[in-house]
1. Residue check, Asp34 against (1) assigned to a strand (DSSP E or B); (2) touching a residue at least 24 places away in the same chain (Cβ under 8 Å), all met but one. Which one?
2. Gly54: at pLDDT below 85, in contact with a Leu (Cβ under 7 Å, 6 or more places away or on another chain), part of a loop (DSSP other than H, G, I, E, B) and under 23 Å from Leu153 (Cβ atoms), yes or no?
3. Modelled with pLDDT of 90 or more and touching a Ser or Thr at 6+ places or on another chain (Cβ under 9 Å): is that true of Val47 in this structure?
4. Go through the range 27-43 and count every residue that is touching a Gly at 6+ places or on another chain (Cβ under 7 Å) and more than 14 Å from Gly54 (Cα to Cα).
5. Give the range 151-172 a look and list any residue that's among the acidic types (Asp, Glu) and part of a loop (DSSP other than H, G, I, E, B), or say none.
6. Looking at this structure, is Glu25 open to solvent by less than 70 Å² (accessible area, probe 1.4 Å), modelled with pLDDT under 85, out of contact with any Ser or Thr (no Cβ under 6 Å at 6 or more places or on another chain) and on the phi < 0 side of the Ramachandran plot?
7. Got a sec? Which of Asn143, Asn110, Asn148, Asn134 is open to solvent by 40 Å² or more (accessible area, probe 1.4 Å), modelled with pLDDT under 75 and not in a loop (DSSP other than H, G, I, E, B)?
8. Here is a list: Arg11, Arg99. Which entry is in a helix (DSSP H, G or I), open to solvent by 70 Å² or more (accessible area, probe 1.4 Å) and within 30 Å of Glu160 (Cβ to Cβ)?
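The values are calculated or read from the model by the stated rules, or taken from the named source; none is laboratory data. Remember, it's a predicted structure, so these values are computed and weren't measured experimentally. In this analysis, Cβ positions are derived from the backbone assuming ideal geometry, glycine residues included, and neighbour counts consider all displayed protein chains. Accessible surface areas use protein heavy atoms only, side chains included; no ligands, DNA or RNA. Shrake-Rupley method; radii C 1.70, N 1.55, O 1.52, S 1.80 Å.
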Amino acid sequence: TQSGDILSPERLYWEARAMEKLYKEKGYHEVRIDVKEEYLKDGMAMVIFKILEGARGFIKKVRFLGNHEVSEMDFLKVINLKPNEFQDMGSQSDLFDERTLKDDIEQIKNLYLNRGFLDVNVRASLDSCGVSQNESESGSQFNFSPKNKTKDLTVCYRIEEGQRYGVSRISVSGNSFFSESDILKELRNNSR
């Protein structure tokens, strides 16, 4: 929206969401942008975007709860949001990003799926370092003073592994060129 454009509340709403997205990409995961219109004389209006940045979040700790079959080190190999001490050369920074968190959840799920845990469920929450255990477990929101422009975050992954599945039997049907035993032999040879 620019000066002289036709006023569209829907367009202003989506522009505010686009601004929030930009902030979130830079680590401001608590950002909130409200848009307000003040109507003036002569059919004109003033548009005000009120930006509440919140603090910039940096990953200081990663926790995994409920994992019994996959180690923390295996998780740290596949996720990107982690403290600097676990970062590889050339990898992403410890700056929080919502999209990366979603990707990390999928990476954890894939680890489990590849190990036969087809019912795995992974949820993630952000907690502030230094809060009591009860607050941390509830995933409650925190208020920060405007003076504090950065904050330490703990990403907490809650994992419900579910049952591990194995293959009990393989059958082949519809084959005419290769015999079932040849196909099964090939499967066994390629699975090693």
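1. (2)
2. no
3. Here the answer is yes, as Val47 does meet what is asked.
4. Final tally of qualifying residues: 0.
5. Passing the criteria: only Glu161.
6. No, not satisfied.
7. It is Asn134.
8. After applying the criteria, what remains is Arg99.
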